[in-house]
Amino acid sequence: PASVRRAAEERAANNYTLTMFYLAQAYGALRKQGLSARFCAETMSRQLDHNTSGVRPKEALERDPFDCKDWVRNCCSLSDFFVNECMFWTAEYLLQSAAVMCEKCEEVCGDRPPNL
């Protein structure tokens, strides 16, 4: 049935995102900063896509809320890596993404965290 297929696809997508996150952590621990940054960026992109698609059920949002403030913080931290690599366009893109999320946080997350 279609509902079973959708549930399985969603679980597979979530597991893939978690794998990207774990790879980012593992490469960071191995001091392979470039690979860690790549997988971190992929994780953040998938997080944003998943949480802004507008199709997540309310119970899923309550069980696993999207933390805009944490996402913005991660963008800023990742931009530091790219500045140190002299990849200024990428760093600027990340900072602009963080700024847009700050503006649209209430729309994306449903509330505006303090100090954002």
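The values are calculated or read from the model by the stated rules, or taken from the named source; none is laboratory data. Small disclaimer: the values here were computed from a predicted structure and weren't measured. No Cβ is skipped: glycine too gets one built from the backbone with ideal geometry, and neighbour counts run over all protein chains shown. Side chains are part of the model used for accessible areas, which takes the heavy atoms of the whole protein and leaves out ligands, DNA and RNA. Shrake-Rupley method; radii C 1.70, N 1.55, O 1.52, S 1.80 Å.
The selection criterion, being basic (Lys, Arg) and surrounded by 10 or more Cβ atoms within 10 Å (Cβ to Cβ), does not hold for Arg63. Residues considered: Phe88, Phe66, Phe81. Of these, the only one that is more than 11 Å from the chain's Cα centre (by Cα) and in contact (Cβ under 8 Å) with a residue 24 or more places away in the chain is Phe81.
Looking at segment 51-59, is at least one residue outside any loop (DSSP other than H, G, I, E, B), closer than 25 Å to Cys109 by Cα and over 13 Å from the mean Cα position of the chain (by Cα)? Yes.
Taken residue by residue, segment 69-76 has no member that is out of contact with any Ser or Thr (no Cβ under 6 Å at 6 or more places or on another chain), modelled with pLDDT of 95 or more and among the aliphatic types (A, V, I, L, M). Contact map, segment 8-32: first residue under 26 Å from Glu85 (Cβ atoms), second residue open to solvent by 100 Å² or more (accessible area, probe 1.4 Å) and part of a helix (DSSP H, G or I), Cβ cut-off under 9 Å, separation 6 or more or different chains; pairs are Leu23/Arg38; Ala24/Arg38; Tyr27/Arg38. Out of Ala24, Ala13, report the one residue that is within 24 Å of Cys109 (Cβ to Cβ), surrounded by 13 or more Cβ atoms within 10 Å (Cβ to Cβ) and at pLDDT 95 or above. Going through Ala24, Ala13 in turn, the sole match is Ala24. Filtered by the rule that a residue be surrounded by 13 or more Cβ atoms within 10 Å (Cβ to Cβ) and under 16 Å from Arg112 (Cα atoms), segment 66-84 gives Phe66, Asp67, Cys68, Lys69, Trp71, Val72, Arg73.
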